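The values are calculated or read from the model by the stated rules, or taken from the named source; none is laboratory data. Values in this document were obtained by computation on a predicted structure and should not be read as measured data. Please note: Cβ atoms are built from the backbone with ideal geometry, for glycine as well, and neighbour counts cover all protein chains shown. Each accessible area value is taken on the protein alone, full model and side chains, heavy atoms only, with ligands, DNA and RNA left out. Shrake-Rupley method; radii C 1.70, N 1.55, O 1.52, S 1.80 Å.
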Amino acid sequence: MVRTVDPARHRARRRHIVDAAAQIFAAKGFERTTTAEICKAAGMSAGNLFHYFPNKRAIFHAVFEDDQRDDGGVGKSERLAAARAADDPWAALLDTVDLLAAPSAEPLVPALVMEAMIQAYRDPELEALLSRDNDEERSTISTLLRNAAAAGQIDPGLEPDGTAAWVMALIAALYTSAATDPSFDPAEQRSTLRLILQRFLRPSAACPERGAGG
């Protein structure tokens, strides 16, 4: 009799393994994490683990590959696409910055991002994965900057692609600071990031800045 696989159960088990491994990767780094430690954390044998992933590196990749969705089941790519089509590009830009910055406040994420940057230098597949994500994010921000300038919402003298790179650098600083400075609170600093962007991007003749809600 052919054994059938329940797709939902399979996804749930994969997610369980990835979540268990992510805690160890964040604490010890990829190189110092062993498969035995992942098996213990996930509560399964090596044979069972390898039914879902061929090796430790595949699990590490899955930490960054698995599409995180919000409560409505909408993934990041869909939310970025919706932002690019928004009628109000300035509001969509601030929402997109919040979307990309929010994970920096999660306990494990900054350390995982730093470890991914290290591993990407020796792992072309991971480097390509991270580059695709980065390119999609930067392209979205660049599009929103271009649209906002056309709508008179930001300084039209700012070159969109170069400015998008600076916006991305500011977002990345939340992650690196959270990973390296125990006193840094990325959740608290997101409001400062928003204020910096408002003062940097808005034209001098723009309407008064919106309040904390945008």
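Within segment 115-136, being open to solvent by 60 Å² or more (accessible area, probe 1.4 Å), under 15 Å from the mean Cα position of the chain (by Cα) and closer than 15 Å to F30 by Cβ holds for M117, E127.
Contact annotation: residue pairs with Cβ atoms under 7 Å, 6 or more positions apart or on different chains, pairing a residue in segment 13-37 that is closer than 13 Å to M114 by Cα with a partner that is open to solvent by 10 Å² or more (accessible area, probe 1.4 Å) and acidic (D, E), are F25/E115; G29/E115; F30/E115. Hey, does segment 137-155 have a residue that's under 26 Å from R57 (Cβ atoms) and acidic (D, E)? Yes, some residue in segment 137-155 is under 26 Å from R57 (Cβ atoms) and acidic (D, E).
Tell me, yes or no, whether segment 184-197 has at least one residue that is in contact (Cβ under 8 Å) with a residue 12 or more places away in the chain, crowded, with 20+ Cβ neighbours inside 10 Å and not hydrophobic (A, V, I, L, M, F, W, C). Yes, that holds for at least one residue.
Among the residues here, I38 does not qualify as under 30 Å from T96 (Cα atoms) and at pLDDT 95 or above. Taking the numbered list (1) under 17 Å from the mean Cα position of the chain (by Cα); (2) surrounded by 17 or more Cβ atoms within 10 Å (Cβ to Cβ); (3) modelled with pLDDT of 95 or more in turn, T163 passes all entries but (1).
Got a sec? Which of D87, D71, D95, D67 is assigned to a loop (DSSP other than H, G, I, E, B) and modelled with pLDDT of 95 or more?
On the way: D71 fails: modelled with pLDDT of 95 or more; D95 fails: assigned to a loop (DSSP other than H, G, I, E, B); D67 fails: modelled with pLDDT of 95 or more.
One residue alone meets the criteria, D87.
For segment 88-107, give me the residue count where each residue is crowded, with 16+ Cβ neighbours inside 10 Å, of a type outside the set (S, T, N, Q) and within 28 Å of P182 (Cβ to Cβ).
Filtering segment 88-107 down to residues crowded, with 16+ Cβ neighbours inside 10 Å leaves 89-97, 99-101, 103-105.
Then keep just the ones that are of a type outside the set (S, T, N, Q); that gives 89-95, 97, 99-101, 103, 105.
So of that shortlist, the ones also within 28 Å of P182 (Cβ to Cβ) come out as 97, 99-101, 103, 105.
Number of matching residues: 6.
Answer yes if at least one residue in segment 137-148 is within 28 Å of I24 (Cβ to Cβ), free of Cβ contacts under 8 Å to residues at least 40 places away in the same chain and part of a helix (DSSP H, G or I), and no otherwise. The answer is no, given that none of the residues of segment 137-148 is within 28 Å of I24 (Cβ to Cβ), free of Cβ contacts under 8 Å to residues at least 40 places away in the same chain and part of a helix (DSSP H, G or I). Looking only at residues in segment 98-117 that are more than 18 Å from E136 (Cα to Cα) and out of contact with any Phe, Trp or Tyr (no Cβ under 9 Å at 6 or more places or on another chain), the one that is modelled with the lowest pLDDT is P107.
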